[in-house]
1. Between 0 and 90 degrees, rounded to the nearest ten: what's the tilt of helix 129-156 against the longest Cα principal axis of the chain?
2. Could the peptides 114-124, 163-173 be put in order, highest first, of the mean number of other beta-carbon atoms found within 10 Å of their residues?
3. Using helices alone, I'd like the mean residue ellipticity at 222 nm for the chain: each DSSP H run of four-plus residues gives -39500 (n - 2.57), total over residue count, nearest 500.
4. Using a Gaussian network model of the chain whose springs link C-alpha atoms within less than 10 Å, name the residue from 130, 104, 96 with the highest mean-square fluctuation.
5. Between the helical axis of 162-190 and the dominant principal axis of the chain, each derived from Cα atoms, what acute angle in degrees is found, rounded to the nearest 10?
6. Could you work out how far helix 15-31 tilts from the main Cα principal axis of the chain, as a 0 to 90 degree angle to the nearest 10?
7. From the convex hull of the Cα coordinates of the chain, what is the mean projected area in square nanometres?
8. Expressed as a rounded percentage, what relative contact order does the chain have, with Cα pairs under 8 Å and six or more residues apart?
C-alpha cells in the first residue's frame, strides 16, 4: 500500500490490511477465550499458536511493506514478441523485462508480477513473493490449530462458549481456504509459473528448469533460513533476466491486456 502513487489509494488499500490484522488477532482471541481459558489447552498448543501468530504478522507485514520491484532505471532490454523477451508497456511507455507486467491498481510495471493482492495492499512480485507464501503457510497452520482445538473441545465437552464455536468454524474454514490458496501457489512455484502466467499461458513451461529445487531457489534464494523466515536473501537473479529452456517454449500469442485486479 506504500507504493501506490495516489495518497487516496494508499489510504483506501490500507483498510484490508487493517481488517486482516484484526482478523488474525480475533482468531487468536477465540483460542484463548474459547479453549485456553476453559483449562483445556496444553503447553505445546499454546507455544505453537503464539509462535505462528508472530510468524503470521511478521511475514504479512513484510509482504505488505516490501516493494515487489519495478523496472530499474537504465534497463536496456531489447523488445520482442516472445514470452522470454522484453516487451514495451503501453501504459508506462517503457521497455520492461520478461515476466514483468503492468498493474493498473499500483499504476506501474512490477518485476515477475504474480498478482495484485488487495489483502496485503500490494502486488506480489519478485521481491516479496516469498514473504507472501510464508504468510499463507503460517496462517494455514495457525488457523488449523485453533480450529481443530476449538472443534475438538466442542465435540467432547459441554462447557464451551461462543468463542469456542466461533474459533472452531472460523479457524477451520480459514485454514481450508488459505491452505487451498497456498497449495495453488506451491504448485505454481514448483513449475516456475506465476499466477498470471498460469492464467494466460496454461501449457507454457518455458521457465521450468526441470528441477523443483532450482525452481524454488528462484523464489527463496540461497539462504536456507529464508525458507522459513521472512528475512532478506540474495540469489543469482535480479528480477530482469530468467533462465529458460527453449525446448519447452510453446508458441502462444502474447496478450496485450495487463493486470487489472
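None of the figures in this text is laboratory data; all of them are computed from the coordinates on show. From a predicted model like this one, the values you see are computed outputs, not experimental measurements. Because the Cβ atoms are built from the backbone with ideal geometry, glycine has one as well, and the counts that use them run over all protein chains shown.
1. 20
2. Put in order of decreasing packing, that is 114-124, 163-173.
3. -15000 deg cm²/dmol
4. Judging by the Gaussian network model, the answer is 104.
5. 20
6. Compared with the principal axis, the helix lies near 30 degrees.
7. 15.1
8. Contact order relative to length: 22 percent.
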